[in-house]
Each structure stands twice: as C-alpha cells, then as structure tokens.
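S.K.: Please read through the structure below; I'll follow up with questions.
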Amino acid sequence: MRIRVAAVGDVHLGEDIRGRYRRRLEGIEERADVLLVAGDLTRHGTPEEGRIVADEFRDLPVPVVAVLGNHDYQSDAEDEIVDLLREAGIQVLQDDSTVITCGDARLGVVGGKGFCGGFAGKCASEFGEPEMKAFVRHTREIADLWHKALKGLDTDHRVVLSHYSPVKDTLTGEPPEIYPFLGSYLLAEAVDAEGADLFVHGHAHAGVEKGVTPGGVRVRNVALPVLQRAYAVYCLGDEPENC
Amino acid sequence: MDQKDQVASHHDAPHYVAARVQRALAEDERTYELGIRVDIRGDQLFLRGQVEGAERRGAVAAVAAENAPWLTVRNEVTVVEVREPGEEETL
C-alpha cells in the first residue's frame, strides 16, 4: 500500500513568473499520487496573485493539498486566497486534516501554516508582556489543533504539511539568530505525540532538505530554493521494496 | 518622519546601513525578499541569496542602491533554476 507524495513550497508566484511553474508539473501523475504545497504560494499575498496560484495548480491529474505561508498573509487577503484556491479544486488545510484515497491506500494529511517561537532550550515563552504571550500562544494553539487532528486520523499513512519548520536540522545554512522566526519545537512535539510518516515544510530558503524530529519523524524542507527542482517525491509504503 | 522612511546616510556605521537595506528588501513591495544577505565591505555592498526570477533579481539591486546610493552594489543574488523533479526517495 504505497503512496508517492510530491511536495514543494515557496513557489512565490506573481505576474512576472506566471506559467513558469505549471510547465514543470506536466506528467506529475506518472511520478506521484498527490501534491503537497507548503506555503508561500504568493509573493505579496494579493488576490491577483492568488488567482495565478489557482491557475497554476488547478485541474492537475493528482489531488493538490496546500497550506498558506507568511507571504500569503502580507496583504490581509488570506481568506480570499483560500477561497480562490478552493474554487480551483485545491484543498487548503487550516489546522485541520483531509484524507486522500490512492488506490487501496488512504493518506491522512494534517496541517496549516504553523508558526515560530524557536527550539527547545532557545525559545520564547508565554511569559511577560501580552505581545510575547500572544506570539507564543499562537504557536501553542496551532500545535494543539494538529495534535487533535492527528489523533482523529485512522489512515494507512499520515503526513504533516506546514510552512514553518518543527526542527533545527533543516535550517542548517540559515543564520542561527533567526531560527526562532523559522519554526518551533512545539510543532514537532505535537507530531511526535501521535506519530506520522513524514513532516513537510518550507520557509527556510537557505536550509537543507533532510531532518528528523526528536521522536523519529522524518522532516523534509521542500522550499523551492532548497530543492532546486519542481518538487520532491517521497514514497511511503509498508515495506521499502513496495516503493 | 517615520523611522521606516528615513534614508541611510554615508555617515552611518556600515552595520546600520546593512540592517536598513535588509529591512528595505523585506518591506519594500517591489521586493518582499526576506532571505537576502547584505554585507558591506568598504564602499561595496554585496547582496547574496536566491530569488524566483530575473526581474526580482534586478529589483533587489535597485532597492539596495536606493537605500545606500554612495555604495557600489555587487549583486551576487542568483535566480532559482527549477529542474525536473528527479528520482523519488523511499521513506
């Protein structure tokens, strides 16, 4: 019961590169069963760019599941962008889950944009000024929702889709001083509590592709500048030889 | 004048000029690039990182030059080359 998961993030589409990414998606059905898009779909977060994203990913021969990234919030039009994507048949996760059926296998995908705060021992806490408490609380509430969503999934495989990173491993190459703005260990903790086959994120353009959570969940940074290819494909199966 | 609108001066320490340029690259609607590294060495300003298109590479240099016009901009930013998907990884 194998499932091939294609994933990419940070495509940052805009008028100047309209159509450029779509060409690279031709033949995706030969390589993958589903496409996950890990946020920063747009550059300015405008509805106009949202329409370009919808056109780029609509009517693909495989299901498309996406989350938003920080760029997609820049123009306060995130709800409109989500509506445009959904009208184009793209599933958008906002701290919830979906189940994709691929042949006789069922894939559960949980996720949302995630958020930041830093990593164990070097992170912000819900303490002090209201602004700091709100900052950390936002991530904690997201992590709690993901934990519940994972708990509620009864599928052959489970993948978590995020924009922000759950671990430092995949940030190697980024300045360590900005790690707290690239992800949070709270996201990893929530996933490790329930287990998953794979955690996919973007956001860290100068990072590396591969990492692992403290609980052993494989993490892959699929930001386009990291992959430098149209998408990565990860094969999930009961036995590796089935892939 | 809002701090965001202030123009850097060649009297400012390079440290603060680099910070101002980096902030402009992140906040100017022509760029919105958060991952560009800015280094100032003598009278040269180096830009490093990756963007998704040639126009964006030019915009990064233009915004940097506007914010530190007395420096020579060395644009070492590259455009992401999107290749074929490549082989799959079995997990």
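S.K.: From A:Arg140, A:Arg158, grab the single residue that is in contact with a helix residue (DSSP H, G or I) (Cβ under 7 Å, 6 or more places away or on another chain) and assigned to a strand (DSSP E or B).
M.R.: Result: A:Arg158 is the single residue among A:Arg140, A:Arg158 that is in contact with a helix residue (DSSP H, G or I) (Cβ under 7 Å, 6 or more places away or on another chain) and assigned to a strand (DSSP E or B).
S.K.: Please count how many residues of the stretch A:150-178 are within 18 Å of A:Ala124 (Cβ to Cβ), open to solvent by 40 Å² or more (accessible area, probe 1.4 Å) and touching a residue at least 40 places away in the same chain (Cβ under 8 Å).
M.R.: The total comes to 1.
S.K.: Something else about it: Where the second residue is open to solvent by 70 Å² or more (accessible area, probe 1.4 Å) and the first is of a type in the set (Phe, Trp, Tyr) and lies in the stretch B:64-91, which pairs have Cβ atoms under 6 Å and are six or more apart or on separate chains?
M.R.: B:Trp70/B:His10
S.K.: Need the failing condition index for A:Phe119 against (1) open to solvent by 60 Å² or more (accessible area, probe 1.4 Å); (2) touching a residue at least 40 places away in the same chain (Cβ under 8 Å); (3) over 23 Å from A:Leu224 (Cα atoms), just the number.
M.R.: Every listed condition holds for A:Phe119 apart from (1).
One line per residue, one yes/no per condition, for (1) under 30 Å from A:Ile178 (Cα atoms); (2) within 14 Å of chain B (Cβ to nearest Cβ); (3) modelled with pLDDT under 95:
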position	(1), (2), (3)
A:Gly9	yes, yes, no
A:Glu15	yes, yes, yes
A:Arg22	no, yes, yes
A:Glu56	no, yes, no
A:Asp83	no, no, no
A:Val110	yes, no, no
A:Phe115	yes, no, no
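Residues checked against (1) farther than 28 Å from A:Thr42 by Cβ; (2) touching a Cys at 6+ places or on another chain (Cβ under 9 Å); (3) assigned to a strand (DSSP E or B):
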residue	(1), (2), (3)
B:Glu33	no, no, no
B:Val38	no, no, yes
B:Leu47	no, no, yes
B:Glu55	no, no, no
B:Gly58	no, no, no
B:Ala64	no, no, no
B:Pro69	yes, no, no
B:Val73	no, no, yes
B:Glu87	yes, no, no
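S.K.: On the basis of being under 25 Å from A:Leu41 (Cβ atoms) and out of contact with any Lys or Arg (no Cβ under 6 Å at 6 or more places or on another chain), does A:Leu145 make the cut?
M.R.: It is true that A:Leu145 is under 25 Å from A:Leu41 (Cβ atoms) and out of contact with any Lys or Arg (no Cβ under 6 Å at 6 or more places or on another chain).
S.K.: In the stretch B:64-91, how many residues are more than 14 Å from chain A (Cβ to nearest Cβ) and aliphatic (A, V, I, L, M)?
M.R.: 5
S.K.: If you don't mind, there's one more thing I want to ask. When the residues of the stretch A:76-99 are filtered to those that are among the β-branched types (Val, Ile, Thr) and either under 19 Å from A:His147 (Cα atoms) or in a helix (DSSP H, G or I) (or both), which remaining residue is nearest to the chain's Cα centre (by Cα)?
M.R.: Per the criteria, the residue is A:Val92.
S.K.: Answer yes or no: is there a residue in the stretch A:44-53 that is part of a loop (DSSP other than H, G, I, E, B), modelled with pLDDT of 95 or more and open to solvent by 40 Å² or more (accessible area, probe 1.4 Å).
M.R.: No, because not a single residue in the stretch A:44-53 is part of a loop (DSSP other than H, G, I, E, B), modelled with pLDDT of 95 or more and open to solvent by 40 Å² or more (accessible area, probe 1.4 Å).
S.K.: Here's a follow-up. Looking at the stretch B:3-24, can you tell me whether even one residue there is in contact with a helix residue (DSSP H, G or I) (Cβ under 7 Å, 6 or more places away or on another chain), at pLDDT 95 or above, under 27 Å from A:Arg18 (Cα atoms) and within 14 Å of chain A (Cβ to nearest Cβ)?
M.R.: No, the stretch B:3-24 contains no residue that is in contact with a helix residue (DSSP H, G or I) (Cβ under 7 Å, 6 or more places away or on another chain), at pLDDT 95 or above, under 27 Å from A:Arg18 (Cα atoms) and within 14 Å of chain A (Cβ to nearest Cβ).
S.K.: Consider A:His201 carefully, then state whether it is surrounded by 24 or more Cβ atoms within 10 Å (Cβ to Cβ) and within 9 Å of another protein chain (Cβ to nearest Cβ).
M.R.: no
The values are calculated or read from the model by the stated rules, or taken from the named source; none is laboratory data. All values reported here derive from a predicted model rather than from experimental measurement. In this analysis, Cβ positions are derived from the backbone assuming ideal geometry, glycine residues included, and neighbour counts consider all displayed protein chains. Calculation scope for accessible area: heavy atoms of the full protein, side chains included, ligands and nucleic acids excluded. Shrake-Rupley method; radii C 1.70, N 1.55, O 1.52, S 1.80 Å.
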